[in-house]
Amino acid sequence: MTTTEAAVTTSKRRIDYQTLEVPQPSPGHAVVRMHTVTLCGTDAHIWDDDYASELPMIQGHEASGVIAELDAADVQSGWNVGDPVVILPMFWCGECHACSIGRVNACRRMSVYGCYEDGSLVTEQLVPLDHLYRVPEGIDLGVAALVEPISIAMQACRRGQPVAGERVVVAGAGPIGLLATVYLKDIGCDVTVTDTQDARLDLAREFGADRAMKVLGAFPNDEQRSVLDELTDGDGPSLIIDATGVPASVAGGIDLVATAGRVVCVGISEAELSFSMRRLPTKEIDLLGSRNSENLFPDCLDLLWRYQRTLAKLITHRFHFHDLDAAFRTLIDPSAGVGKIAIDFPDLSEREKRSES
């Protein structure tokens, strides 16, 4: 095919499908034919023109596909046309302080496909080979796009340096909290998940949580505190992963965490956080932020390969590439029970028929 189709978010809640020229492979780059893109809360903010990026933009940063074309110079590079891949969407400068100490996920000049530059809601995309990871045999490409959010959850957990046997509380049973639960259980932690919604707590149990506690007002209530005290000899959990972005949840975690414990914040919000400054020095806790991931895709592919059946349950809705308006409306509908939404792309025969009509 000589053309590719892009879904361009042109203004608030408006997506236009545009026909573009197929990108030509260049040395060190491959043309990836998209298979599946999954959507997250960031996508909803960009679609709503409520994000630190400029429209118009091609969204999509959680993507899987197949190599469709390679430059002649790269044919012997170990890559092949037809290889199934996932795309690392993050780019870093390599020069700022964060990059100089290996924390490229916090690069001050960072860019991300689909967030700050055109991304993967396009039938073909030109991608640097060093941003592609081959999908192992046995992983469904329709699920492989979850590798990117898995990397976010894994990064948050590793920031807290969990160890086997540790008592951990994961606040928030959305996608990142659930993925964090799978990772923490995999390394042998005892995990308590909290949320305000029963359906999410049920899913947390399916994802391996040792216990799921409903948040009703202030957390924990007397009964919940009694359970946590018994688990921790009254110390409180030594690690809390907050995936809510809710200030009250973070402040509550600072109160709840054990002395010399760690609180990791991966949920993002513009809201202000307030807590007593006595807490940090007197409890000597580590309050940590977490953003993106430090090149964790290989480890995430391994986790997905081992827990694919469980992790696939995170995808609760699937839409065709040409039904993005419905997909985004569902994404922001609190009554829809969304875990993750997957966007499936048309195959070549379907696209050829569409271009002829």
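Summary table below
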| read-out | value |
| --- | --- |
| Any strands (runs of 3 or more DSSP E) falling wholly within the range 90-173 and containing at least 2 residues that are touching a helix residue (DSSP H, G or I) at 6+ places or on another chain (Cβ under 8 Å) and surrounded by 15 or more Cβ atoms within 10 Å (Cβ to Cβ) | 167-171 |
| Among (1) open to solvent by 40 Å² or more (accessible area, probe 1.4 Å); (2) more than 22 Å from S64 (Cβ to Cβ); (3) among the hydrophobic types (A, V, I, L, M, F, W, C), the one test that I176 misses | (2) |
| Filter result for D235 (open to solvent by 70 Å² or more (accessible area, probe 1.4 Å), in contact (Cβ under 8 Å) with a residue 24 or more places away in the chain, under 21 Å from G165 (Cα atoms) and of a type outside the set (V, I, T)) | yes |
| Hits in the range 281-305 (condition: in a loop (DSSP other than H, G, I, E, B), open to solvent by 70 Å² or more (accessible area, probe 1.4 Å) and more than 16 Å from M90 (Cβ to Cβ)) | E284 |
| Every pair of residues 6+ apart whose Cβ atoms lie under 7 Å, when the first sits in the range 4-15 and is under 12 Å from T123 (Cα atoms) while the second is part of a strand (DSSP E or B) and among the hydroxyl-bearing types (S, T, Y) | E5/Y17; E5/T19; A7/Y17 |
| Which numbered condition S77 misses (of (1) open to solvent by 40 Å² or more (accessible area, probe 1.4 Å); (2) under 19 Å from G114 (Cβ atoms); (3) touching a helix residue (DSSP H, G or I) at 6+ places or on another chain (Cβ under 8 Å); (4) not acidic (D, E)) | (2) |
| Index of the failed condition, E272 passing every other in (1) exposed (fewer than 15 other Cβ atoms within 10 Å of the Cβ); (2) among the charged types (D, E, K, R); (3) in contact with a Gly (Cβ under 6 Å, 6 or more places away or on another chain) | (3) |
| Close pairs (7 angstrom Cβ cut-off, 6 or more residues apart or separate chains): within 9 Å of V168 (Cβ to Cβ) in the range 178-193, in a helix (DSSP H, G or I) and among the basic types (K, R) anywhere | V191/K185 |
| Failed criterion for E69 (all others in (1) touching a His at 6+ places or on another chain (Cβ under 7 Å); (2) open to solvent by 20 Å² or more (accessible area, probe 1.4 Å); (3) in a strand (DSSP E or B) hold) | (1) |
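The values are calculated or read from the model by the stated rules, or taken from the named source; none is laboratory data. This is a predicted model, so every value here is computed, not measured. All Cβ positions, glycine included, derive from the backbone under ideal geometry; neighbour counts span all protein chains shown. Side chains are part of the model used for accessible areas, which takes the heavy atoms of the whole protein and leaves out ligands, DNA and RNA. Shrake-Rupley method; radii C 1.70, N 1.55, O 1.52, S 1.80 Å.
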